[in-house]
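Only one structure is covered here, and it is reproduced in the block below.
Read the figures in this text as sums done on the coordinates, not as results from a lab. Predicted model, so just to flag it, every value in this text is computed and none were measured. Here the Cβ positions follow ideal geometry from the backbone for every residue, glycine too, while neighbour counts run over all protein chains shown.
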Amino acid sequence: MLVRLIYASHAADGLTPAVLDTILQQSRSHNQAHGITGVLCFGGSAFVQVLEGERSAVSALYNRIVSDARHERVELLDFSEIIERQFSGWTMGQVNLGKVNPSILLRYLPRAEFDPYACSSQAILRLVDELIATAAINK
Ligand SMILES: Cc1cc2nc3c(=O)[nH]c(=O)nc-3n(C[C@H](O)[C@H](O)[C@H](O)COP(=O)(O)O)c2cc1C
């Protein structure tokens, strides 16, 4: 049975682009091996990640991610059973929301800046959908 999990978090001090690259590399090899797909969005110093996959695999991964010292204030936004995946082509897509047109952010967020704690999980999914449609996501 498939589930989708969405959380928001805040990058720890000193999170450099190199650290982010390491996280993405780790994620892609682990996720491929465990049938997990999704997207990691970052902007300012915030993260939001969508994880999809088998319920026990997603739960186990989330428990590891929550205790990762490279971020803090991890807040669960959604955990739902799903019929189908939305990101089946991505072992972990990446979106740099600092580079997205502010008017797209403003459509889904109270301000044209990325604050996932102020955003519903439905709005996050729509935003990511729109970014996929405009090819703003890297595999
Ligand atoms: C924002 C963020 C997102 C992450 N996403 C994933 C992911 O999708 N898949 C993954 O395997 N690890 C991810 N990690 C890394 C895990 O927290 C953990 O370091 C990694 O799975 C290795 O765990 P281990 O040292 O217990 O083997 C992420 C870490 C951070 C900070």
Query - Condition check for ALA11: within 10 Å of the ligand (Cβ to nearest atom) and either touching a residue at least 12 places away in the same chain (Cβ under 8 Å) or closer than 21 Å to PHE114 by Cβ (or both) - result: yes
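Residue-by-condition table, conditions (1) closer than 14 Å to VAL128 by Cα; (2) more than 8 Å from the ligand (Cβ to nearest atom); (3) in contact with a Phe, Trp or Tyr (Cβ under 8 Å, 6 or more places away or on another chain); (4) not aliphatic (A, V, I, L, M):
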| position | (1), (2), (3), (4) |
| --- | --- |
| ALA18 | no, yes, no, no |
| SER27 | no, no, no, yes |
| ASN31 | no, no, no, yes |
| VAL39 | yes, yes, yes, no |
| SER45 | no, yes, no, yes |
| VAL50 | yes, yes, yes, no |
| ASN63 | no, yes, no, yes |
| HIS71 | no, no, yes, yes |
| ARG107 | yes, yes, no, yes |
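Going by the structure shown, is VAL100 surrounded by 12 or more Cβ atoms within 10 Å (Cβ to Cβ), of a type in the set (Val, Ile, Thr) and under 20 Å from ASP129 (Cα atoms)?
For VAL100, the condition - surrounded by 12 or more Cβ atoms within 10 Å (Cβ to Cβ), of a type in the set (Val, Ile, Thr) and under 20 Å from ASP129 (Cα atoms) - is met.
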**Report entry** Scan of the range 100-109 for residues that are in contact with a Cys (Cβ under 8 Å, 6 or more places away or on another chain) and in a loop (DSSP other than H, G, I, E, B), ordered by number
**Finding:** LEU109
